[in-house]
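Since the structure comes first, as structure tokens, the remarks are kept for the end.
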């Protein structure tokens, strides 16, 4: 190609790929991972398509050009292309809540075997592994040594309590095993309706093929059916804006002190029933 035609070609590729790589700048914190994943996958597909059109030397020049113009590290462009190669049929998450942070996808790129890749992907989603936990699992070849999984998913939850973040609430709806919609008494005659995500655990999805998601939801509904009020201890919000919380309940004990000391701890009950996995937030 002549110099002018080469520059025109580079510029056209730049115009096509820029919206994909910069889509995340328009996303809010609750859908950032979802928007970024879709954009990077489309960008990776474009890079792979262009790589098949020209020789390696010319493609390297194209990537250098894009990196400079977009202020996007060349190495990261390479990883974006790898991302598409790992999942060439479609982006790995089909719904926003299953989209992972880019750092987790980068960890997954080191896994070449498809079955192992799918295993680590699903475990990261279901157990809400951090990037550090995922890296450790891959390095320890957890796919081949699944008996070691207990170190990630078992264990008692530590009870945490503060008067500042403890409230009474009425359960309006059990959305799934680990998510409740509640009306919280904020005191002084003020209430708020809020979705709560149970701290420290992750239940199976409602569409789980073994029916464990439905069982977890039904378990919670049964446990709370006689609880007019529950006591909640709230923490930070998760990436979807839901408060992470501990939930205590009883049909016998009524005071805050009694519930915290002797009442049922819903998060731990789900773990003990084998309907949730232990995770860290």
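Distance in nm between label sites at residue 192 and residue 23, each 7 Å beyond Cα in the beta-carbon direction?
3.2 nm
With Rg and Dmax of the Cα atoms in Å defined as stated, name the option among (i) 20.4, 62; (ii) 20.5, 69; (iii) 23.6, 84 computed from the structure displayed.
(iii)
If I histogram all Cα-Cα distances within segment 163-278 using bins 5 Å wide from 0, what percent of pairs lands in each bin?
Whole-percent P(r) values from 0 Å outward: 2, 12, 23, 26, 21, 10, 4, 1, 0, 0.
Treat the count of other C-beta atoms within 10 Å as a stand-in for reagent exposure and order 185, 246 from fewest to most.
Least to most surrounded, the residues fall as 185, 246.
May I ask you to sort 33, 55, 98 by Cβ crowding, counting other Cβ atoms within 10 Å and putting the fewest first?
If I rank by nearby Cβ atoms, fewest first, I get 55, 98, 33.
Determine the relative contact order of segment 1-77: mean sequence separation of Cα pairs under 8 Å and six or more apart, normalised by residue count, in whole percent.
Value for segment 1-77: 27 percent.
Rank these for me by crowding, 111, 220, going from fewest to most other beta carbons within 10 Å.
111, 220
Can you tell me, using C-alpha contacts under 8 Å and at least 6 residues apart, the relative contact order of segment 163-278 as a whole percent?
It comes to 26 percent, rounded to a whole number.
Given contacts defined as C-alpha pairs under 8 Å and at least six residues apart, what's the relative contact order of the chain, whole-number percent?
Result for the chain is 14 percent.
Which percentage, to the nearest 5, of the DSSP beta bridges contained in the chain is antiparallel?
Antiparallel bridges: around 90 percent, rounded to the nearest 5.
The numbers here are math on the coordinates, done by the rules we state, and not lab data. Worth saying up front: this structure is predicted, and the values here are computed from it rather than measured. Heads up, the Cβs are rebuilt from the backbone with ideal geometry, glycines too, and the neighbour counts pull from every protein chain shown.
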